[in-house]
Amino acid sequence: MGKIIAMEFTADRLRLIDQRKLPKEYTFFECVTHEECEFAIKDMVVRGAPAIGAAAAYGVVLAAMQYRGLGSDGFYASMGRALAALNATRPTAVNLMWAIDRMRRSLESTRTGTIDAACRVLREEADAILAEDIDKSERLSAFGNALVPRGATILTHCNTGSLAVPGLGTALGMVRAAHRSGKGISVFADETRPRLQGARLTAWELMEEGIPVTLIADNVAATLIRDGRIDLVVVGADRIAANGDSANKIGTFMLSVVAKRYGVPFYVAAPVSTIDFGCPGGEAIVIEERGSEEVTYIEGVQVAPSGVRVYNPAFDVTPAENISGIVTEQGVLYPPFEAAIASLRR
Ligand code: MRU
């Protein structure tokens with residue numbers, strides 16, 4: 001298979017690789033309405049912070065196509081509701097709110113024109129978000145590559161490749177860039193319970209590209225780090241606070257603790273759109289909690305007693321003090337992150 005195109009907008013629909021079904025089935029999920037796009041984000045047909053943002057932007061385009069016949073008042077009222085519903089699909093990845101905010105400002109700029117013109121403007125804005133995401137992931141990957149030693153063994157968590165990000169990816173973009181530049185790297189991928197993004201998606205993406213990957217159960221990582229078998233840990237982020245605290249897939253925090261304990265560099269890779277400049281620190285980040293069946297069932301098979309109480313947070317926060325560097329499309333940020341992040345604010 002060639003390049004992975006996880007999302008594509010044709011004349012009237014958003015076509016997404018259905019990430020719930022990989023790697024067993026490579027199928028597509030089509031959204032024709034904004035409600036279908038909302039479902040796709042909530043149910044994780046599409047997931048990964050930048051991909052969620054871009055998909056939601058196209059959800060706004062779908063809404064405009066649905067409501068274009070309503071006349072100005074009805075159109076703008078319905079669009080307001082659609083924007084709010086898309087914005088509320090998942091709470092942690094700030095790229096979602098960032099993309100919806102861009103689409104809202106675009107919509108506002110069309111108030112004096114025709115509705116057809118508004119539809120065109122919104123489509124252009126969503127296309128711009130997608131194109132910029134691709135460009136940013138390439139630049140970020142190149143900056144990240146410079147941090148990867150020749151022959152390095154890299155540990156990663158969750159999925160941060162072309163399925164999660166339009167383009168090369170973030171943490172996995174760094175890995176791809178290092179591999180493509182002939183550094184002879186290899187990867188340990190955490191399986192990433194409960195949704196198995198590492199096993200189902202990261203292992204698949206890396207194997208598609210011929211990058212040496214070894215899949216491990218999440219609880220193996222600490223032993224590998226202690227035994228000196230990991231040169232660096234690279235992960236993505238769903239929201240980075242102004243002080244550098246970073247929310248990412250549940251399990252990231254414990255990796256950061258072990259990496260720090262054994263002096264292994266721990267990098268977070270994310271575009272600047274993942275930084276929430278208004279969020280002072282990790283304690284202010286809303287952590288999504290998902291349903292108990294994600295833990296009590298694996299691929300439809302019950303693995304825990306019926307009725308057991310479950311706690312299923314989808315993300316955790318890695319404190320800035322555990323992070324060696326934050327790789328963005330504008331370069332690598334180093335501690336103290338507060339100052340480095342503030343310098344990016346426009
Ligand atoms: O719940 P998910 O699969 O959307 O979580 C994804 C992650 O935590 C990724 O690491 C993060 O979004 C960064 S993707 C470049």
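Bear in mind these aren't lab numbers, they're just calculated from the coordinates by the rules spelled out. Note that the coordinates shown come from a computational prediction; the quantities given were computed from them, not determined experimentally. Glycine gets a Cβ as well: all are built from the backbone with ideal geometry, and neighbour counts include every protein chain shown.
Amide H to amide H, with H built 1.01 Å from N, Ala164 comes under 5 Å of no residue 5 or more places away or on another chain. When the chain is described by a simple charge dipole with +1 on each Lys and Arg Cβ and -1 on each Asp and Glu Cβ, the residue from Ser273, Leu83, Gly71 located farthest towards its positive end is Ser273.
Taking amide H as placed 1.01 Å from N in the peptide plane, Tyr297 has its amide H under 5 Å from the amide H of Val303, each at least 5 places away in sequence or on another chain. Legend note: in the chain, cysteines whose Cβ sits 4.7 Å or more from every other cysteine Cβ are Cys119, Cys158, Cys279.
Would you mind classifying segment 89-172 by shape? Square roots of the alpha carbon gyration tensor eigenvalues, ordered a ≥ b ≥ c; an a/c under 1.5 is rounded, otherwise it is prolate if a/b is larger than b/c and oblate if not. Verdict is prolate for segment 89-172.
Could you compute the longest span of the chain free of chymotrypsin sites (Phe, Trp or Tyr not before Pro) located in DSSP loops and having at most 15 other Cβ atoms within 10 Å, not counting the site residues? Answer - 27-261. With one equal scatterer per alpha carbon and no solvent term, the Debye-computed log10 I(q)/I(0) for the chain at 0.08 1/Å reads -0.37.
Across all Cα atoms of segment 225-302, the radius of gyration (one decimal) and Dmax (whole number) stand at 15.2, 42 Å. Loop sites by DSSP among the GluC sites (Glu not before Pro) of the chain, restricted to those with at most 14 other Cβ atoms within 10 angstrom, leave 26-298 as the longest stretch without any of them.
Backbone amide hydrogens, once placed in the peptide plane, bring Val327 within less than 5 Å of Val268, Ala269, Ala270, Leu333, excluding anything fewer than 5 places away on its chain. For segment 128-239, treating each Cα as an identical point scatterer without solvent, what Debye log10 I(q)/I(0) comes out at q = 0.17, 0.22 1/Å? Evaluating at q = 0.17, 0.22 Å⁻¹ gives log10 I(q)/I(0) of -0.74, -1.21.
Using the Karplus relation 6.51 cos²θ - 1.76 cosθ + 1.60 with θ = phi - 60°, the per-residue 3J(HN,Hα) values for segment 232-249 come to 7, 10, 10, 9, x, 8, 9, 7, 10, 7, 4, 9, x, 4, 10, 8, 8, 3 Hz, with x marking Gly and Pro. Taking only alpha carbon atoms, segment 202-257 gives an Rg to Rh ratio of 1.01, where Rh is the Kirkwood radius. Each Lys and Arg Cβ is given +1 and each Asp and Glu Cβ -1; about its Cα centre, segment 7-138 then shows a dipole of about 300 debye.
Suppose a student asked you for the relative contact order of the chain, using Cα pairs under 8 Å spaced at least 6 residues apart; what percent would you report? With pairs under 8 Å counted, the relative contact order is 15 percent.
Using the structure shown, select from Lys42/Lys136; Lys3/Lys24; Lys42/Lys183; Lys21/Lys183 the pairs with a Cα to Cα distance greater than 28 angstrom. The answer is Lys42/Lys183; Lys21/Lys183. Of all complete DSSP H helices in the chain, those with a Cα span along the helix axis of 24 Å or greater and a mean Kyte-Doolittle hydropathy of 0.0 or more are 49-67.
The alpha-carbon positions of segment 7-138 define a convex hull whose volume is 95 Å³ per residue.
If you sort the three axes of the alpha carbon gyration tensor as a ≥ b ≥ c, you get a/c of 1.5 or more for segment 147-343 and a/b no higher than b/c, which makes it oblate. The slack in the chain from Thr223 to Met254, taken as 0.36 nm per residue of separation less the alpha-carbon distance, amounts to 9.9 nm.
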